[in-house]
1. If one computes P(r) from the Cα atoms of region 98-178, what percent of pairs lie at distances over 23 Å?
2. Would you list 15, 130 from fewest to most Cβ contacts within 10 Å?
3. In the chain, how many lysine pairs have Cα atoms under 23 Å apart, counting only pairs 8 or more places apart or on different chains?
4. For region 114-126, take each phi angle, set θ = phi - 60°, evaluate the Karplus expression 6.51 cos²θ - 1.76 cosθ + 1.60, and give the result in whole Hz per residue in order, putting x for glycine and proline.
5. For region 97-106, in order, what is each residue's ³J(HN,Hα) by Karplus, 6.51 cos²θ - 1.76 cosθ + 1.60 with θ = phi - 60°, in whole Hz (x at glycine and Pro)?
6. For the chain, count the residues as N, evaluate 2.2 N^0.38 Å, and divide the Cα radius of gyration by that value, please.
7. Among 71, 128, rank each residue by its count of other Cβ atoms within 10 Å, from fewest to most, as a rough exposure measure.
8. Quick one: what are the phi-derived ³J(HN,Hα) couplings along region 40-47, Karplus 6.51/-1.76/1.60 with θ = phi - 60°, whole Hz, x for glycine and proline?
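Bear in mind these aren't lab numbers, they're just calculated from the coordinates by the rules spelled out. From a predicted model like this one, the values you see are computed outputs, not experimental measurements. Methodologically, a virtual Cβ is constructed for each residue, glycine included, from the backbone with ideal geometry; neighbour enumeration extends over all protein chains shown.
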Amino acid sequence: MRAESIKSSKFLSKVLRHRPDLIGIQLDPNGWVNVEELIHACRKHGVPLDRETLEQIVRTNDKQRFAFSEDRQKIRANQGHSVAIDLNLDPVKPPDLLFHGTALRFLPSIRKKGLLKGNRHHVHLSPDPVTARRVGKRHGTPVVLQILSREMHRDGYTFFQSANGVWLTEFVPVRYLREN
Ligand code: HQG
């Protein structure tokens with residue numbers, strides 16, 4: 001992706017997940033915004049976006065962070081929101097194990113409190129340890145935790161999977177965490 005597209009992509013993440021107000025737009029209850037409205041608002045705020053660049057960002061984004069609606073009139077972020085929207089995801093049975101990448105410095109607190117969702121809507125879990133390590137690295141020295149997702153599911157915890165393959169759940173209590 002070109003540097004300019006990466007910059008626009010980061011800006012889009014911010015606007016579509018956390019700060020639609022930055023460019024004076026509102027997300028609908030399911031997180032969608034009209035594409036033309038988004039482009040217009042971005043331009044008005046000095047971000048030179050056009051339909052072609054947006055299509056390219058959605059298509060080539062390394063983690064498939066964004067999706068168009070079926071009629072391609074609307075766009076939303078696939079996960080990671082802090083604003084109150086409902087992605088309308090259906091509960092899915094998770095695999096036996098999932099993974100969570102975090103930083104070493106968070107471990108003492110995680111050992112005490114479990115995995116908390118913080119500002120986001122869910123705790124984000126990865127399908128494999130390699131992906132989890134990459135996620136953890138964003139915060140410092142990475143550590144990968146195993147999540148006993150089969151047991152959690154059996155005990156009544158609900159899991160969702162975002163359109164780009166990230167596993168989501170409300171909270172992971174300490175008893176379902178393994179450190180090796
Ligand atoms: C940690 C990226 C202390 C948690 C990624 C994490 C993901 C605790 C940090 C998505 C804790 C929150 C989300 C506790 C959890 N005490 N720390 N009890 N419980 N934490 O960024 O999972 O590139 O909000 O381990 O790939 O790192 O943005 O969550 O380290 O899918 O598309 O608190 O963001 O995707 O950090 O990442 P974050 P995350 P994008």
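1. On the way: 340 of 3240 pairs.
I get 10 percent for the Cα pairs in region 98-178 exceeding 23 Å.
2. On the way: 15 22, 130 11.
The order, fewest Cβ neighbours first, is 130, 15.
3. Pairs that pass both the separation and distance tests number 23.
4. Running phi through 6.51 cos²θ - 1.76 cosθ + 1.60 with θ = phi - 60° gives x, 8, 9, 7, x, 6, 7, 7, 9, 6, 9, 10, 9 Hz.
5. 10, 10, 9, 9, x, 9, 9, 3, 5, 8
6. Working: Rg = 17.4 Å, N = 180, 2.2 N^0.38 = 15.8 Å.
Cα Rg divided by the expected 2.2 N^0.38 Å: 1.10.
7. Exposure proxy ranking, most exposed first: 71, 128.
8. With the stated coefficients, region 40-47 comes to 4, 5, 4, 4, 4, 9, x, 9 Hz.
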